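Below is one structure, written out as structure tokens; comments come after it.
The values are calculated or read from the model by the stated rules, or taken from the named source; none is laboratory data. Predicted model, so just to flag it, every value in this text is computed and none were measured. With ideal geometry, Cβ positions are generated from the backbone for all residues, glycine too; neighbour counts draw on all protein chains shown.
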Amino acid sequence: MTIFPKSKLRLVTVVYWFLLLYIIAALIWWFIALERQNRRITEIRIDAAEKQQDIKAMLDAIAEGNRKTAQYIGEGVTFLALIMVGAVFVYRAVRRQIRLAAQQQNFMMAITHELKTPIAVTKLNLETLQKRKLDEAKQQKLITNTLQEAGRLDNLCNNILLASRLEGDDALSMTAHEVNLSEVAINCVQEARIHYSARTIESDIEDGIYIFADELMMQLLINNLIDNAIKYSPKDKPVSLKLEQRQGKASLMVTDYGKGIPDADKKRIFEKFYRSGDENTRTTKGTGLGLYLCSKIVHHFGANITVTNNYPQGAIFTTIFTAV
Ligand code: ADP
């Protein structure tokens, strides 16, 4: 579902093309009319010169006519070029707006879903605990489950808050200092192994890699990449994190064996609210904010993030920092 109904979008497109074609047709018509007028004036001048048998005046009239034609062509082509540049600009701006509106709509649907599920689960768990006398093990299970849901809500709120902070001047308040990236990565992997105890998370982390960044932001980056690798790959497949330093560059790679990312989506997944596929048919939960935040954070610290295909399948997210 999108904010712009298809019929409205079609109407906007039809009106746009109609106006553009009308402007171009009017321009061509002006050119034809001016050129006709020019030719008639030239003919009259040639006739007059012929009557007076003035060869020089005749040649002057022909030259003047040709000069006017060249002038009209020059001006017409310039106008046409300007109109085309403007048309392309408007077309792209409108398309961008429509796309953003659709993504925002998807985001609202996703967020409602993301908010409702943990609240519903938490409510149900608390009601069960209140109404029924459960043994200790079952109680613990419900409490752990409720805490996990609360954690999800917390993450979601943090992501939304951070996204709006990064839009404003607050982005400047993320000051860079020396961070032990190896340590941050080791901690994130350890936490992920506890959180996703049923999954295999491999790691190959070189010791003592330092970069200029912010520790919390690096945690957020790594957690988002690991969460995605887990979320978008089958349960029986491992996920791995590799951190190494080569020629003054620290490279952080998170790899999975999921379905990977189609080439057409490779750039777009870093856009705000962008999620592959259709919100109505998608089975994974999410808001399309995670990778947007990752790329914002990474660029803030002068680094770079890219995604490539894994072999035989899956995705590799690589972030390259300048090592200290
Ligand atoms: P979310 O996961 O909340 O949808 P993200 O910004 O983290 O938002 O990711 C954007 C989109 O990129 C996802 O919807 C998904 O389609 C795609 N994506 C991200 N990571 C992976 C991955 N490891 N494998 C396949 N697709 C991915």
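So here's what we get for this one:
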item: Filter result for residue 44 (surrounded by fewer than 16 Cβ atoms within 10 Å (Cβ to Cβ), touching a residue at least 40 places away in the same chain (Cβ under 8 Å) and assigned to a helix (DSSP H, G or I)); result: no
item: The lone exception for residue 243 - which of (1) of a type outside the set (Asp, Glu); (2) buried (at least 21 other Cβ atoms within 10 Å of the Cβ); (3) within 19 Å of residue 302 (Cβ to Cβ); (4) out of contact with any strand residue (DSSP E or B) (no Cβ under 7 Å at 6 or more places or on another chain) it fails; result: (4)
item: Matching residues, the stretch 12-59, being among the β-branched types (Val, Ile, Thr) and within 14 Å of residue 72 (Cα to Cα); result: 28, 32
item: Residue list for the stretch 233-245, restricted to those being free of Cβ contacts under 8 Å to residues at least 60 places away in the same chain and either part of a strand (DSSP E or B) or near the ligand (Cβ under 10 Å from one of its atoms) (or both); result: 239, 240, 241, 242, 244
item: Those residues of the stretch 252-268 which are in contact with a Ser or Thr (Cβ under 6 Å, 6 or more places away or on another chain) and under 25 Å from residue 200 (Cβ atoms), in sequence order; result: 252, 253, 255, 256, 257, 258
item: Count - residues of the stretch 266-289 that are modelled with pLDDT of 90 or more, of a type outside the set (Val, Ile, Thr) and near the ligand (Cβ under 7 Å from one of its atoms); result: 0
item: Residue that is modelled with the highest pLDDT [pool: residues in the stretch 246-265 that are acidic (Asp, Glu) and within 12 Å of the ligand (Cβ to nearest atom)]; result: 256
